[in-house]
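Student: Please see the structure below; I have some questions.
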Amino acid sequence: MSKRIRLRTLLFGGVMTLLFLVLIGRTYYVQIVDGDKYYQLAAKRWSTAETLTGKRGSITDRDGNILAMDTIAYNVSVNPQIIHDAAIVEEVIDGLNAILDVPKDELRKIVTAKNDKGKFYIHRELRNGGWQIDKPLADKLTTFSDELEKKLLSNKKVVDSGIYLSPTLKRFYPSKTLASQVVGYVSKNGKHMTGIEGAFNDELKGEDGYIVYQKDGKRVQLSKGDVEYKEEVNGKDVALTIDSDIQRYVEEALRDVVSKYAPKSATAIAADPNTMEILAMANMPEFDPNEYWKSDYANSYNHAVGSLYEPGSTFKIATLAAAVEEGVFDPEEFYKSGSYKVPGDPRVIRDHNRVGWGTIKFIEGLKRSSNVAFVKMGYEGLGADKLRDYYSRFGFGQKTGIELGNEATGTIQFHYNRDIAAATFGQGGVAVTPIQQVAAVAAVANGGKLLVPHIVKSKTDPETKETTLTEPKVVRQVISEETSRLVGGYLEQVVSDQDQGTGKNAYIEGYRIAGKTGTAQKVVNGKYSTTKFMVSFIGYAPVENPKIVLYVAVDEPNNSLVGGGTVAAPAFREIMLKSLRKMGIAPSKEFEVDVKSEEVHVSIPQLKDLKIAQAKAELKAKSVTFEIVGNGGTVLQQIPAAGSVIHPTQRVYLITEQRDKLPVPDLTGVSLRDALELTSLVGAKLITEGTGYVVSQKVEEVDKKRIVRVKLSPPIGSEQYVELPVESTAQDESAGTEAESSGETEGADDAANDEAVEGNTSESNNEIDTGISHSGEN
């Protein structure tokens, strides 16, 4: 018996010893042999990581006004497991539907989502409708979640609604549609970008950092734990050359064109011809990048750089400049207008009125936009080689180099004699982009230098504050300064001659405007259409010292009988007048008016007590520019007073509200007397510097009183004139001020069409389908 007990004891002791040895071995293996592995696993459980988001750089206009920036947003997620356990599925679905406007069936799929094993998920994101929501919506969700949790607490359930908000950054565009195709947008997932956002993504995007630290069971950071840290890097800030005021003038004018003529699209570009800084670039239809998904993708397309068109008669400027440079244009020489037969081609090139004007001088042919005149100058006088060389030197058929993506190259193709002849007036084998047109005409305006257009003024590193400026870049000297001066004088007559000039609707009394209309037939199915046209106007001012070049193009207006002089020229006039006034460029005293001198001044009618619509109609009938001050419906007071005799470029102010509700209006261009009266009317104190007319203003508030500081200068050309530095006239108080420009006269322009070409052109079709309803190339 005792022997059996001893055996059992030995066996039990042996087993225990063996187990102990196994335990010791395992402990040794875990602690020594495989210690690093298990330490890493433990450290991973102790550790937590947070992403430090690098901010995307801002995009501003030339004056620092924000066009795009990062702002705080919130992402919504839910916990289906908690929501199910708390039995609040229907309440959560109803609440999210009411706040986020997400369909209930879609919410139900997310709130009740299960994995492959049939268990509820513990985290689901509301990507559609709950991604990057603004703070007001987030606040509503927080209130709703709090109410649910109070209800759960009262029922002694788990106090968690299962609805979560996580802060993030999203792109915000405070100016909404302003310059939307230029600025572009960034999609919510950050994968798709357009405009400057896409072209400068590498500079704009920030680099995320992180912090990794160790925590205890209560998620509190251990004081002596390891910390790994990488600092985030914010993206660079990009300043554009865009002037927001001029951009608004352009967009307002294009909206008016769209409302009248319902075109396929409308495009405009304004630039400084001396630097080729883009002051404005706009397209219609437009879109709001804050809600890009609500518009067709085509609305975000920038036709100004990406679409190709046969330009029509605006292209004649390049032919004219080449002819003047080569000495083949004699304005006093006579030729027979009407039609021209190209050797070896059965078709006839005709002037837009089909019959011409008999035997006339070449200068008259320019003013009337005679196709025959340009065929004789270009095809006969210059020949194919010189034409091709000059067109190439003006930058056609090659990218301009502007800092925007999707720029088209264009073509200059001379396959047949007819192509050469048609190219002289902007049809046939010619396909150009709007930005190419602007760069070429800027070269004509600035003394003959072709410049690279720029839309980015500078890039700034937010950390080092180091700024990289974009300097003007000359590509080549295309024509001489003397040729530039002569061509400017010739083009001025296209606008100033109110009898023969096709550009007469772009005329601004007192300013020297050079310009040219264009009405190009579009190619449809290999033939020139008789109902679809590209109408345009391009020009610059003042002729004696150009400060702005402006191009307006309208694709397929709904009336096939209107041309560039009727549709585009009035828009050009409105934009140019406002821009010149904004830039502080007074009318030129030295300008010799071609119309009767008694029409230089206008008598202001009695407008007091009239409805706004009636007052506007009265002033538009007299081609007077006006500004409505206030939000009332009736004119309470007018400045200048009824019976005053003013220059047509002077603005009339229509006061529609009482003094204490009025903002300070734009005083640019008004006399000291009117400035005093206007500031007194709105209850502001005027402080002046200089004499003459207001060229800039600044609104300040001191001790709750508004102070308006203005600089004045005599008109350009007077003995007292002193050039003052141009300042922004943007107002601190702009609510309730509606700036309008009238004076659009819908007179005859280039007859029905600026260009008329008989026969079809199966050899050439420059309307290239991009797949998003525009004329151009991808």
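The values are calculated or read from the model by the stated rules, or taken from the named source; none is laboratory data. Since the model is a prediction, treat every value here as computed from it, not as a measurement. With ideal geometry, Cβ positions are generated from the backbone for all residues, glycine too; neighbour counts draw on all protein chains shown. Only protein heavy atoms, including side chains, enter the accessible area calculation; ligands, DNA and RNA are left aside. Shrake-Rupley method; radii C 1.70, N 1.55, O 1.52, S 1.80 Å.
Student: Does Ile508 qualify as being in contact with a Leu (Cβ under 6 Å, 6 or more places away or on another chain) and either in a helix (DSSP H, G or I) or crowded, with 23+ Cβ neighbours inside 10 Å (or both)?
Tutor: yes
Student: With Met583, Met534 as the choices, which residue is hydrophobic (A, V, I, L, M, F, W, C), at pLDDT below 95 and in contact with a strand residue (DSSP E or B) (Cβ under 6 Å, 6 or more places away or on another chain)?
Tutor: None of the others qualify; the one that does is Met534.
Student: Is there a residue in region 713-723 that is at pLDDT 80 or above and not in a strand (DSSP E or B)?
Tutor: There is no residue in region 713-723 that is at pLDDT 80 or above and not in a strand (DSSP E or B).
Student: Anything in region 454-468 that is among the basic types (Lys, Arg) and over 30 Å from Ile269 (Cα atoms)? List them, or say none.
Tutor: Lys465
Student: Checking Arg388 against (1) assigned to a strand (DSSP E or B); (2) surrounded by fewer than 24 Cβ atoms within 10 Å (Cβ to Cβ), which single condition isn't satisfied?
Tutor: In the conditions (1) assigned to a strand (DSSP E or B); (2) surrounded by fewer than 24 Cβ atoms within 10 Å (Cβ to Cβ), Arg388 misses (1) alone.
Student: Within region 145-152, does at least one residue satisfy the condition of being without any contact (Cβ under 8 Å) to a residue 40 or more places away in the chain, over 30 Å from Arg62 (Cβ atoms) and in contact with a Pro (Cβ under 6 Å, 6 or more places away or on another chain)?
Tutor: no
Student: From the list Lys117, Lys140, Lys44, which residue is farther than 23 Å from Gly235 by Cα, modelled with pLDDT of 90 or more, basic (Lys, Arg) and open to solvent by 60 Å² or more (accessible area, probe 1.4 Å)?
Tutor: Answer to the check: Lys140.
Student: In this structure, does Asn128 turn out to be at pLDDT 85 or above and in a helix (DSSP H, G or I)?
Tutor: The answer is no for Asn128.
Student: While we're on this one: Quick check, is Val111 in contact with a Pro (Cβ under 9 Å, 6 or more places away or on another chain) and buried (at least 17 other Cβ atoms within 10 Å of the Cβ)?
Tutor: So Val111 fits the description; yes.
Student: If I filter region 652-669 for residues that are among the charged types (D, E, K, R), outside any loop (DSSP other than H, G, I, E, B), at pLDDT 75 or above and out of contact with any helix residue (DSSP H, G or I) (no Cβ under 6 Å at 6 or more places or on another chain), do I get at least one hit?
Tutor: Checking region 652-669: not a single residue is among the charged types (D, E, K, R), outside any loop (DSSP other than H, G, I, E, B), at pLDDT 75 or above and out of contact with any helix residue (DSSP H, G or I) (no Cβ under 6 Å at 6 or more places or on another chain).
Student: Name the residue that is nearest to the chain's Cα centre (by Cα), counting only residues in region 571-591 that are surrounded by 23 or more Cβ atoms within 10 Å (Cβ to Cβ) and closer than 19 Å to Gln437 by Cβ.
Tutor: The extreme case among them is Ile575.
Student: Go through (1) open to solvent by 40 Å² or more (accessible area, probe 1.4 Å); (2) at positive phi; (3) modelled with pLDDT of 90 or more; (4) not acidic (Asp, Glu) one by one and return the number of the condition Arg219 breaks.
Tutor: Tallying (1) open to solvent by 40 Å² or more (accessible area, probe 1.4 Å); (2) at positive phi; (3) modelled with pLDDT of 90 or more; (4) not acidic (Asp, Glu), Arg219 fails exactly one: (3).
Student: Is it the case that some residue within region 393-404 is over 35 Å from the mean Cα position of the chain (by Cα) and aromatic (Phe, Trp, Tyr)?
Tutor: No, there is no match, as no residue in region 393-404 is over 35 Å from the mean Cα position of the chain (by Cα) and aromatic (Phe, Trp, Tyr).
Student: If you don't mind, another one. List pairs: first residue in region 232-246 and closer than 19 Å to Gly54 by Cα and part of a loop (DSSP other than H, G, I, E, B), second residue aliphatic (A, V, I, L, M) and open to solvent by 10 Å² or more (accessible area, probe 1.4 Å) anywhere in the structure, Cβ distance under 8 angstrom, at least six positions apart or on different chains.
Tutor: Glu232/Leu52
Student: Looking at Gln498, is it open to solvent by 10 Å² or more (accessible area, probe 1.4 Å) and closer than 17 Å to Pro570 by Cα?
Tutor: So Gln498 fits the description; yes.
Student: Also: Which residues, taken from region 280-334, are of a type in the set (S, T, N, Q), open to solvent by less than 20 Å² (accessible area, probe 1.4 Å) and part of a helix (DSSP H, G or I)?
Tutor: Residues satisfying the conditions are Ser300, Ser313, Thr314, Thr319.
Student: Could you say whether any residue in region 89-108 is in contact with a Pro (Cβ under 8 Å, 6 or more places away or on another chain), modelled with pLDDT of 90 or more and part of a helix (DSSP H, G or I)?
Tutor: yes
Student: Same structure, new question: Arg62: among the basic types (Lys, Arg), in contact (Cβ under 8 Å) with a residue 40 or more places away in the chain and not in a strand (DSSP E or B), yes or no?
Tutor: Against the criterion (among the basic types (Lys, Arg), in contact (Cβ under 8 Å) with a residue 40 or more places away in the chain and not in a strand (DSSP E or B)), Arg62 qualifies.
Student: When region 604-616 is examined, which residues are found to be touching a Leu at 6+ places or on another chain (Cβ under 9 Å) and assigned to a helix (DSSP H, G or I)?
Tutor: Passing the criteria: Ile612, Gln614, Ala615, Lys616.
Student: For the subset of region 335-372 comprising residues that are in a strand (DSSP E or B) and β-branched (Val, Ile, Thr), which member is farthest from Ile479 (Cα to Cα)?
Tutor: So, considering only residues that are in a strand (DSSP E or B) and β-branched (Val, Ile, Thr), the one farthest from Ile479 (Cα to Cα) is Val348.
Student: Which residues, taken from region 191-204, are in a loop (DSSP other than H, G, I, E, B), touching a strand residue (DSSP E or B) at 6+ places or on another chain (Cβ under 9 Å) and under 18 Å from Gly54 (Cα atoms)?
Tutor: Phe200
Student: Quick test of your reading of the structure: Tyr340 fulfils all but one of (1) closer than 28 Å to Ala271 by Cα; (2) open to solvent by less than 40 Å² (accessible area, probe 1.4 Å). Name the failing condition by number.
Tutor: Looking at each condition in turn, Tyr340 falls short on (1).
Student: Same structure again: Just one of the numbered conditions (1) closer than 30 Å to Tyr301 by Cα; (2) without any contact (Cβ under 8 Å) to a residue 12 or more places away in the chain; (3) in contact with an Asp or Glu (Cβ under 8 Å, 6 or more places away or on another chain); (4) hydrophobic (A, V, I, L, M, F, W, C) is not true of Leu169; which one?
Tutor: Exception for Leu169: condition (2).
Student: Could you list, in sequence order, all residues of region 65-81 that are open to solvent by 40 Å² or more (accessible area, probe 1.4 Å) and part of a helix (DSSP H, G or I)?
Tutor: Selection gives Gln81 alone.
Student: While we're looking at this one, here's another question. Being in contact (Cβ under 8 Å) with a residue 60 or more places away in the chain and among the basic types (Lys, Arg) is the filter here; which residues of region 384-415 pass it?
Tutor: Lys386, Arg393
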